[in-house]
Amino acid sequence: MFDLSNPPADFVDNPFPYYDALLREAPVCPQPDGSYLLSRHADLSAIYRDVSRFKSDKKATFAPKFGEGTPLFEHHTTSLVFNDPPLHTRVRRIMTSALTPRALKRMEPGLIETVDALLDAMPEEADLIEDFAAAIPIQVIGNLLDIPQGERAPLRDWSLAILGALEPTLDAGQLARGHQAVTEFKTYLQDLIARRRARPGDPETDVLTRLIRGDETGQLSEIELMQNCIFILNAGHETTTNLIGSGLALLHDHPDECGKLLCDKALIDNAVEEILRFRSPNQFGNRETCVDVGIGGHAIPKGSNLHLCIGAANRDESVFETPAEFKISRYPNKHLAFAGGPHVCVGLTLARMEGRIALERFLGRYPGYEIMGRKLGRRIRFRGYASLTARIPR
């Protein structure tokens, strides 16, 4: 039996053979703790869309993991991703109204300016994560919340510590860092929110002002407001950093595919989708059963925790032809990198735009970049690089 809480030693380095084995031999895999690991595309897609039998609320799971009432428990049970209606509906509606096509179009020139400034400053030997991939979403989310430039330095470390606590197993250090990050971030946000209440921004461009104002159904509580600001940073930072970093690594490692993209820039949107499928930034999601259910011949009782293996579902041969091949011309590409159903990633269009512009501008400037060293982030739930050392041609 494959045990997600105690995976093989080489799993983090290369989980994909294990994903393939799960799809082939145990697409519904019972876990020692009574939870279930699911890997089939059709199962995940159906679960994401079925809000009557499956819920996102994780209070029962997170109470023993984080400690009821602790900073991490408060965050991960209040933020959008681990909530169901009515809170999920209300917060999502406010966020979505700030990310309309018109709003995104207004953001694009500033995003291009940010990317070009990072490319201008790129040293001859660069870390493509620190110097580029991670810097882009921090600036974008900082702009969305209108966080002053001089106050953005701690954002990435806070995000990594808070999301790192979602790993299947934690040591005492990870837990302590996660609690501390939530506490420090909340302290900062209390001050930022007070300043914004005193001097509101433009709700058309300032998501924090929009969240403070609420909508016709009412306002968010102070805790809901702070925790969903933290969620906006975490969701936007992690997914996009990993998308851009993995994209640069994959295109470097597949020169024929990179050559196709350099010859035909119209393939950039397809390339972004294939990167999302082939190296999904978020490898796992979760749901809990609201009733007794049957999946793949298994009777799963009410209250069971389900680990949804997005990384495996995006390699399902029943959906993707030759799924182990990286092909930027792949179409259609019905990957689940952004989940699905009512909980489909609220910022998916923004993430795609960031990925498209970052990769397009980087390749246009430095097509001959050479990756000399790489270090994985060493996490199971989120897959990406902690560093990518590269030589940048001049």
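The values are calculated or read from the model by the stated rules, or taken from the named source; none is laboratory data. Bear in mind that the values here come from a model prediction, so they are computed numbers and not experimental data. Virtual Cβ from ideal backbone geometry, glycine too; neighbours counted across all protein chains shown. Surface areas here come from the heavy atoms of the whole protein model, side chains and all, with no ligands, DNA or RNA. Shrake-Rupley method; radii C 1.70, N 1.55, O 1.52, S 1.80 Å.
Each residue of region 205-250 gets 79 Å³ once the volume of the Cα convex hull is shared out per residue. In this Cβ point-charge picture (+1 for Lys and Arg, -1 for Asp and Glu), region 244-377 has a dipole of about 320 debye about its Cα centre.
Under the criterion of Cα pairs below 8 Å and six or more residues apart, the relative contact order for region 284-330 equals 32 percent.
Inverting the pair-averaged 1/r between distinct Cα atoms of region 266-381 gives 16.5 Å as its Kirkwood hydrodynamic radius. In a reduced charge model with +1 at each Lys and Arg Cβ and -1 at each Asp and Glu Cβ, the chain shows a dipole moment near 740 debye about its Cα centre.
A Cβ-based charge dipole, computed about the Cα centre of region 308-394 with Lys and Arg at +1 and Asp and Glu at -1, lands at about 460 debye. Cross-linked pairs Lys327/Lys375; Lys105/Lys186; Lys186/Lys302; Lys65/Lys302: Cα-Cα separations exceed 27 Å for Lys105/Lys186; Lys186/Lys302.
Give me the Kirkwood hydrodynamic radius of region 163-255, using the inverse of the mean 1/r over all pairs of distinct Cα atoms, in Å to one decimal. Value: 15.8 Å, from the Cα pair sum. When the square roots of the Cα gyration tensor eigenvalues are ordered a ≥ b ≥ c, the ratio a/c for region 94-167 is 1.5 or more and a/b does not exceed b/c, which makes its shape oblate. Once the C-beta distance of Glu124 and Phe11 is scaled by a Förster radius of 30 Å, the resulting FRET efficiency is 0.25 to the nearest 0.05. Taken per residue, the accessible surface of region 199-290 reaches 34 Å², heavy atoms only and a 1.4 Å probe. Could you tell me what % of all Cα pairs in region 186-335 have separations over 28 Å? When every Cα pair of region 186-335 is considered, 49 percent fall beyond 28 Å. The trypsin sites (Lys or Arg not before Pro) of region 236-314 that meet both conditions, a loop assignment by DSSP and at most 14 other Cβ atoms within 10 Å of the site Cβ, are Lys302. Quick one: pull the percentage of alpha-carbon pairs in the chain with a separation above 28 Å. Summing the P(r) of the chain above 28 Å gives 46 percent of all pairs.
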